[in-house]
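The values are calculated or read from the model by the stated rules, or taken from the named source; none is laboratory data. None of these values were measured; they are calculated from a predicted model. Every residue, glycine among them, receives a Cβ derived from its backbone with ideal geometry; neighbour counts consider all protein chains shown. When the accessible area is computed, the model is the full protein with side chains, heavy atoms only, and any ligands, DNA or RNA have been set aside. Shrake-Rupley method; radii C 1.70, N 1.55, O 1.52, S 1.80 Å.
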Number of protein chains: 2
Amino acid sequence: MEKLSYVGKSLPRKDAEIKATGAAQYAADRDFAGMLHAAAVRSPRPRIKILSISDAKARKVPGYVTLVTYRDIKGVNKWPVVMQDYPFLPEREARFAGETVALVVADTARAARKAAALVEIKYRELPYVDDPLKALEKGAVKIYGRDNVISSFVIKRGAVDEAFRKAAFTVEGEFSTNYQVHAYLETQGSVAVPEAGGGMTVHSTTQCPFYVLDAVSAALGIPYHKVKILQTVTGGGFGGKEDVPALVASHAALCAAKTGRPVKLIYGRKEDFQSMSKRHPGWARVSYAADKNGKITACRVKYVLDGGAYSTLSPIVLWRGTVHAAGPYKIPNVGIETFAAATNKVPAGAFRGFGQPQICFAQESLIDELAEKAGLDPVRFRLKNLLEPGDRTVTGQRLKSSCGLSELVQAVRSRSGWDKKAATPQVRGDIATGIGFSAVYYGVGLGAKGRYLDRAGALVNVYKDGSVGVNVGNAEMGQGALTVLAQIAAETLNAPYAGVRVEEVDSSKVPDSGPTVASRTTLMSGNAIIEAATPIRERVFKTAHSMLTGLGADPSGGMTAAGGVFSMGGRSVAFKAVVAECWNRRLKMAEQGWYAAPRTTFRLRDGQGDAYGVYSYSADAAEVEVDLKTGVTRVKKIWAAYDVGKIVNPRLALGQAQGGILQGMSWALYENLVYKNGIMVNPNFTDYVIATTADKPEYDITFIEKPYAEGPYRAKGMGEVPLIGVAPAVANAIKNACGARVKSVPLLPEKVWKELKKG
Amino acid sequence: MEKLSYVGKSLPRKDAEIKATGAAQYAADRDFAGMLHAAAVRSPRPRIKILSISDAKARKVPGYVTLVTYRDIKGVNKWPVVMQDYPFLPEREARFAGETVALVVADTARAARKAAALVEIKYRELPYVDDPLKALEKGAVKIYGRDNVISSFVIKRGAVDEAFRKAAFTVEGEFSTNYQVHAYLETQGSVAVPEAGGGMTVHSTTQCPFYVLDAVSAALGIPYHKVKILQTVTGGGFGGKEDVPALVASHAALCAAKTGRPVKLIYGRKEDFQSMSKRHPGWARVSYAADKNGKITACRVKYVLDGGAYSTLSPIVLWRGTVHAAGPYKIPNVGIETFAAATNKVPAGAFRGFGQPQICFAQESLIDELAEKAGLDPVRFRLKNLLEPGDRTVTGQRLKSSCGLSELVQAVRSRSGWDKKAATPQVRGDIATGIGFSAVYYGVGLGAKGRYLDRAGALVNVYKDGSVGVNVGNAEMGQGALTVLAQIAAETLNAPYAGVRVEEVDSSKVPDSGPTVASRTTLMSGNAIIEAATPIRERVFKTAHSMLTGLGADPSGGMTAAGGVFSMGGRSVAFKAVVAECWNRRLKMAEQGWYAAPRTTFRLRDGQGDAYGVYSYSADAAEVEVDLKTGVTRVKKIWAAYDVGKIVNPRLALGQAQGGILQGMSWALYENLVYKNGIMVNPNFTDYVIATTADKPEYDITFIEKPYAEGPYRAKGMGEVPLIGVAPAVANAIKNACGARVKSVPLLPEKVWKELKKG
């Protein structure tokens, strides 16, 4: 391996100080002279026909400025997300409780909220659907297209029916999972500032500044070059700031365009719960077949996601779930059909794992059942069937390299003491202890379904004083992108790490780089930075060599570059001095970089082809204690191993792993958003429970770096994979501990208890 | 010539609407939440030793926040302009009346000004110098270095003394010119906004955002990548916003850094007069020698500029004056020595023409005297001696191409009816009518003395919707850069002109592109745009070709591209559609461009070598009426012809010409800034008179385009050349009309009258 100065080191977070000291400027902190405030008027019922909207009472609130409705939209009233069925503001029908129907603008946020509460919507209730499985039934009320199907995919491989007929063992089960709320610390928010000449600058908390750009341009009906999106320091995303910030930003922009003044729109927590995206509730019926040797021969899946009232990202979320639905195994015969169904509930969208955790919970639970039927230990059973380098996935994609899954499984098996623990679950008093396993693969990046978006730009700008400014199109949202990308830039340029600054996104500095999702930022923006930095590197290195030669250094031993210093023949020169000389020579010291992901070959007809450029992998073992009297489960420890390629920053990678595990555990055990009659009943952190640090398990985390030749310094992507396998590992551990097979996430005490009663 | 769609057309100004409607946001219009206001405390006397500064009284003003002095400077207290002798804030000595000694920050601008007036400077007066010629005398009070010489240059060519000895005719004269005030509509101003993490964003009215970047970084002691300079819409520059905005911006930034809040600092007109740069007063003794055939054989020049209290740009201004001091003639023997002298007055700096108008007034006046001695008509005399392609300038530089001076002279001669008018000046009653001539060459760009800065960057960003965003490092200040550069970008990309937007400078988007001066913007930024746009053009053109082929177009006739449309074999496709397809193909649609001017070879020792890459040229004839009773001169008409290479936008070029002529005429006749005892006595538009539209002459303007192969679409540069030759043409016309040879600008009535009395 090449010798690296910065990549692979646990360098300090670039944004640590501003976040620790409170200096960081979140969207809510951005104030402008003459700024107004907006508040949303929301639909009170699951489905309504809007008859009229009146601000007669609202006008009496001191500071009231105006009401903004769809009539104020100068552009197109279609939010340009995948399928364009979501209006920026509804014209005749509102499709879920909490949908923004209009906006009130006032002098203060308080006045705006007060006035919004006084806006009267006259409406007629329409019949609604709140259950995705019922939505797909023939007689269902039609709320979306002809069949309430937002999106549907298939994977067809081999002869599934025949394989099931010939199988030695088969299992089948139905599984379901509930919503997960992103619970980012910072709610959604934007400040839109009108610019002279009809332009609009929008300050937005977002993972996807270019989605915001698309939306604001569409809503205002102005060209892209008149719109600038400035990502503000973003207090958590997890997918919750993928698509929906574009809606919030567009609303702010519509208000700013109408009033000609800056307008701030910051969501309260309740409306954020009610109207912003969530992890899709999922339902799946999965069957596996195996031969007498414990080799999986077939898999059949029907997988349904509850898309909510508008399609938003459901087609893409569903597609990822589809591709990964059979699990990381060699399976010759596969029949997968998947559906995103419309309901009159909040549109669900992106959440760390993106359609994989729901189906992974189902299939990894069922793999344990299949192992049991085959009379094999779950880990040994998995090892027989795992994808290894050279194997083909269920889409027929050959895994050429960088596939360390079986090593991960062995590592977790060994470190967790699996063989002994799994064979001998313990009961002490009312407490049963067990251990469960899961294995996961995760296609890095957007893959075939998002192939048009799977490219990224970067601007690398080396200033005269040797400081380096880097701009990318992907966003820091807490995951450490600014830091990891600074390491990559510093490494490529041989610039001192302290002198490299990666900024929050400015949409006018780099081209549309797609969304900051799919664990793609290190890979895509990292490669774009390298592409930009490489010609500058060549100029810097050549200049350093000529300076050293000029200093009388003997060039015979060649020049070395490390840690911001260039050395040759006993002499050395610092990056700063070399850059000054490059500027004296009038060399080009700024470059735009660009990276497009490798082409994919996936075809929709049968779901065959290369779905992703490369995969990351994880193995998880969870040790749990189940209180047999109450059904309460506590996760004691998680052993996890990851192959995410080269680790750019071990400490940040560890943080990603721990955060992903905890968030996965929280979803598995606690998080339970409840709808009754189409109305969300617990849109707050009092009634919606998430794991806290007090609940955190002990972590044992291992990285096994399988280098990815296409990746920046051989990295793949790591953001999501740690979450995905946690729920089935925990469910399998509960089963191991006490025999209860709970098929529904969250794995609430009452469900465990009910299974115990059955058993 | 290639067929062009946009270049060469009088397309509408890009900034016409925002300027006409008042939507344009000047620095004073930029407001931020929590913003404070600063006001300068200024030195009351020409030269003082500062004993103490007290805000005891100022503190009582409601809204007073703090006093900022040199002690608050965390960086280096040296403004990084050429010679670094100017402190951001003086520590012990203030060197001219009006110099900023400290700053007061308060809640409102009014409070800041009131408090600033109450700050007490205790000082001791020091002896001062207010005359540049006296400053150079041996016994002068020493206020700058050992000899009060800021800078000095020579040009030595041939054997001057011998040539004068052998001459058939010689002339000698002493000439002087006074200050010129830039009189931009918008005074200096900046708003500095502290950023989280110790950064600073500065909104500044400026021609030279990168000078501001240098200064703010130095004053605050923070790296460049933490400083962002956003040029605000700039209400006039003319050189007055070259260097000094960096000082104003640094003062605002120091106040913002100290208070942690945005700080606005907007100059009033009086302080702008007193402390901001001016055209240098000039003094010159010039001699010419000619042989009996009327061929100039030698030139001797001593040229002195009044630099004021700090060097600022004097060395560079002086250098340009030095190079051009002998005029645009073939002269084998040349001895030029030039000095910038320090005085305790406002530091003089850049002004359209940049050290040339002063010496041009002297030498072109004297060329008329020499013609008269040689018994030749001034135009015929010039035609004998003018530089033509293949000739060498006085620095020995061979003019390879693009030199249309003799054609310009012939054009003006012919259009003005010169031969008849010059030979027969008219007197009717008290009004004498005459005509005068001048010829000018102008080195485009920074030339050898500014060679390290003579490079420029550009960012070209083609958005998905086909709109184009362009950023450059040179500034629009009214001259039309945004428009001309948009034409160049549209032409290169074959993008619709309406869809191209060139933005005001953001120093973080493009590398240091040097100053917006020296008529270099079209050439430098234009070339950088072409460099950036060319690879995008290749992708767009290739995609268009493949789309047209896909549409079944017969490729045998080749593809044509014009006006935003691509055509082949009877089919066509629009730029917007082609760009959409480029995005589908995930092509790189943003690029950084870079252009460095050709190397120069000028050496300081003897002033020989290539001084500039290329020259622009002008010829002027001025027809005047002189009132013989009062000495009042009125310019009736100016005929001018220019060779500035290809004209990108004829209407804007015409505007540059008319503006330059009027500004030159105003300097020649009216503008008279008066100092008494080191104090400026008329720092306002009541007592300092400038030409208005009521004074404007009739214009007759001709462009003769001599293409410059290195220029963007063969353009050179045009901003300054129209001003330079006006004063001597007017002075020569006065001489022609009434025999009065006035050797001092402004050509005030009393001076004309005095010469008439002599005659």
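For trypsin sites (Lys or Arg not before Pro), the sites in region A:86-132 that DSSP calls loop and that have at most 13 other Cβ atoms within 10 Å are A:Arg92.
Between Rg and the Kirkwood Rh of region A:352-456, both from Cα atoms, what is the Rg to Rh ratio?
On the way: Rg = 16.8 Å, Rh = 16.1 Å.
Reported Rg/Rh (Cα atoms, Kirkwood Rh): 1.05.
At 222 nm, what value in deg cm²/dmol follows for the protein assembly as shown if DSSP H runs of at least 4 each add -39500 (n - 2.57) and the sum is divided by all its residues, to the nearest 500?
Values: 38 runs with 432 residues, N = 1518.
It lands at -8500 deg cm²/dmol.
Each Cα pair under 8 Å and six or more residues apart adds its separation to the average, and for region A:379-455 the resulting relative contact order is 19 percent.
Charging the Cβ of each Asp and Glu at -1 and of each Lys and Arg at +1, and nothing else, the dipole of chain B about its Cα centre rounds to 800 debye. Excluding same-chain neighbours fewer than eight residues apart, the lysines reachable from A:Lys122 by a Cα-Cα span under 20 Å are A:Lys49, A:Lys57, A:Lys60, A:Lys114. The mean number of partner chain beta-carbon atoms within 10 angstrom of a residue's beta-carbon across peptide A:190-197 is 3.
To the nearest 20 debye, what is the magnitude of the charge dipole of the protein assembly as shown about its Cα centre, counting +1 on the Cβ of each Lys and Arg and -1 on the Cβ of each Asp and Glu? Write down the numbers at each step before the final one.
Working: 196 positive and 144 negative charges, 30 e Å.
Result for the protein assembly as shown is approximately 140 debye, rounded to the nearest 20.
If R0 is 22 Å, the Cβ-Cβ spacing of B:Arg605 and A:Ser546 corresponds to a FRET efficiency of close to 0.25. Remark: region B:497-597 is approximated by an ellipsoid whose semi-axes, taken from the C-alpha gyration tensor as √(5λ), come to 32, 14, 11 Å, largest first. Entry comment: accessible area of chain A is 34 Å² per residue, from protein heavy atoms only and a probe of 1.4 Å. Taking label points 7 Å from Cα along the Cα-to-Cβ direction, A:Lys637 and B:Arg59 give a separation of 6.5 nm.
Across the options A:Val752, A:Ala691, B:Val65, the greatest Cα extent toward the positive end of the charge dipole of the protein assembly as shown (unit charges at beta carbon of Lys, Arg, Asp, Glu) belongs to B:Val65.
Across peptide B:582-591, how many C-beta atoms of other chains are within 10 Å of each residue C-beta, on average? Don't jump to the answer; show the numbers that get you there.
Details: counts 0, 5, 2, 3, 12, 4, 10, 6, 11, 4.
The mean count of partner-chain Cβ atoms within 10 Å per residue comes to 6.
Projecting 7 Å from Cα along the Cα-to-Cβ direction, the label point of B:Thr692 sits 7.5 nm from its equivalents in the other copies, listed shortest first.
Any chance you could run the full-extension gain for A:Thr692 through A:Lys3? It's 0.36 nm times the residue separation minus the Cα-Cα distance, nm to one decimal.
Numbers: separation 689, 0.36 × 689 = 248.04 nm, distance 3.99 nm.
Between A:Thr692 and A:Lys3, full extension yields 244.1 nm more.
The residues of region B:1-38 listed by number as losing at least 50 Å² of accessible area in the complex, against the isolated chain and with a 1.4 Å probe, are B:Ala33.
With 0.36 nm allotted per residue and the present C-alpha distance subtracted, the A:Thr424-A:Arg571 stretch has 46.5 nm of extension available.
Local charge sum around B:Lys464 (other residues, Cβ-Cβ under 10 Å, Lys/Arg +1, Asp/Glu -1)? Let's see the in-between values first.
Values: positive: B:Lys576; negative: A:Asp214, A:Asp512, B:Asp465.
My count for the surroundings of B:Lys464 gives -2.
Since only A:Ile48, A:Ile222, A:Pro712 are under comparison, the one whose Cα sits farthest along the positive direction of the charge dipole of chain A, derived from C-beta charges on Lys, Arg, Asp and Glu, is A:Ile48.
Accessible surface buried by the A/B pair amounts to about 4400 Å², both sides summed, 1.4 Å probe. Taking each of A:Lys588/B:Lys228; A:Lys384/A:Lys716; A:Lys78/A:Lys226; A:Lys420/A:Lys716 in turn, the alpha-carbon distance tops 22 angstrom for A:Lys384/A:Lys716; A:Lys420/A:Lys716. Other protein chain C-beta atoms within 10 Å of residue C-beta, averaged over A:499-508: 3.
Tell me, what % of the accessible area of region A:626-746 is carbon and sulfur with a 1.4 angstrom probe?
Ligands and nucleic acids excluded, carbon and sulfur reach 51 percent.
Take the Cβ-Cβ distance between B:Ser556 and A:Arg398 as r, set R0 to 41 Å, and report the resulting FRET efficiency rounded to the nearest 0.05. Please report the intermediate quantities before stating the final value.
Working: r = 43 Å, r/R0 = 1.05.
Approximately 0.45, to the nearest 0.05.
How large a share of the accessible area of region A:296-422, in percent, is made up of carbon and sulfur atoms when the probe is 1.4 Å and the other protein chains stay in place?
On the way: 1370 of 2950 Å².
So the carbon and sulfur contribution to the accessible surface is 46 percent.
Projected over all directions and averaged, the alpha-carbon convex hull of chain A occupies 34.1 nm². If you plug the beta carbon distance of A:Glu388 and A:Asp131 into 1/(1 + (r/R0)^6) with R0 = 45 Å, you get a FRET efficiency near 0.65. Among the residues of region A:213-251, those with an accessible-area drop of 50 Å² or more from chain alone to full protein complex, heavy atoms and 1.4 Å probe, are A:Tyr224, A:His225.
Computed over protein heavy atoms with a 1.4 Å probe, the carbon and sulfur contribution to the accessible area of region B:149-204 reaches 48%. Taking amide H as placed 1.01 Å from N in the peptide plane, B:Val65 has its amide H under 5 Å from the amide H of B:Val105, B:Ala106, B:Asp107, each at least 5 places away in sequence or on another chain.
Dipole size of region B:181-323 about its Cα centre, with +1 on Lys/Arg Cβ and -1 on Asp/Glu Cβ: approximately 380 debye, rounded to the nearest 20.
Which order do peptides B:365-374, B:516-525 fall in by mean Cβ count within 10 Å, highest first? Before the final figure, lay out the partial values.
Numbers: B:365-374: 23.1, B:516-525: 29.9.
The peptides rank, most packed first, as B:516-525, B:365-374.
Annotation for A:Gly558, label-to-label distances across the other copies: 4.8 nm (shortest first, one decimal, point 7 Å from Cα along Cα→Cβ). B:Asp147 versus B:Lys758, label points 7 Å from Cα toward the beta carbon: distance in nm? For B:Asp147 paired with B:Lys758, the spin-label model returns 3.1 nm.
Starting from the coordinates of the alpha-carbon atoms of the protein assembly as shown, obtain the Kirkwood hydrodynamic radius over all distinct pairs and give the value in Å to one decimal.
Result for the protein assembly as shown, one decimal place: 35.7 Å.
The solvent-accessible area of A:Arg651, taken with every protein chain present and a 1.4 Å probe, is close to 140 Å². Shortest first, A:Lys156 label-point distances to identical copies amount to 9.3 nm, with the label point at 7 Å from Cα along Cα→Cβ.
Since only B:Ala246, B:Pro378, B:Ser666 are under comparison, the one whose Cα sits farthest along the positive direction of the charge dipole of chain B, derived from C-beta charges on Lys, Arg, Asp and Glu, is B:Ala246.
For region B:439-465, accessible area lost to neighbouring protein chains reaches 10 Å² or more, against the chain alone with a 1.4 Å probe, at B:Arg451, B:Tyr452, B:Arg455, B:Leu459, B:Asn461, B:Tyr463, B:Lys464, B:Asp465.
What fraction of the Cα pairs in region A:378-521, stated in percent, has a spacing above 24 angstrom?
Details: 5830 of 10296 pairs.
Within region A:378-521, distances greater than 24 Å cover 57 percent of Cα pairs.
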